[in-house]
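What follows is calculated from the coordinates using simple rules that are stated; it is not laboratory data. Keep in mind that this is a model prediction, so the values were computed, not measured. Here the Cβ is made from the backbone with ideal geometry for all residues, glycine too, and neighbour counts use every protein chain on show.
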Amino acid sequence: MSLVNQIVGEGAVADLCVWKNKIKSGITLVMATLIWFLLEIMETRFVPFLCSILLLLMLLLFLWVKFGQLFFIRRPLTPQEIKLEDSPVRALFSKIESLLLMLYEIAYGEDIKTFLSAILYVAIVDTVGSYINLLTILYICLVCAMTIPVLYLQFQEVIDNFIREVSEEKNKLLEVLKSNVLNKIPRATKEE
């Protein structure tokens, strides 16, 4: 066994690395180069780029499902047809796959309200991502994940007391609002 085979091992990733299938390896290299070029040379921000692709794909799928029978013979797969039990990606990318499937189901257009709210949320993330670099977002998440639990454990009594006081104050304000405003609103009597 050669040193290269010992290092890369066996499997699909090893096949890509040693160029057993030249087409797949070439496509992988070209796509990686394109992504690197867009993110580094063209200074495209990753989050807005990803959100733009998701918005475009969801809109195209929605239009294809709703108006595709006028222009195309073949209709898109339903969300149930997309789910594959033997998917080799399922183990490694199960979270990503479920997110994409959820977006696919939303874009399929069964519930217009959910579709529009998903478009709004992706557009908001796109806008925020255009001002903040993905690396910065990941760093902030990492810092929060590493500091908030430790700070809570260290100051648990103080934080719990503060949350309890804020909750009690909120309840008092809601009672005042209810007694001074909501109870003064005339209500129609129920007729049977």
Query raised in the report: What ranking do 94-103, 52-61, 167-176 get when scored by the average of other Cβ atoms within 10 Å per residue, highest first?
Result: 52-61, 94-103, 167-176
Report summary line: Summing +1 per Lys or Arg and -1 per Asp or Glu among the other residues with Cβ less than 15 Å from Glu168's Cβ gives -1
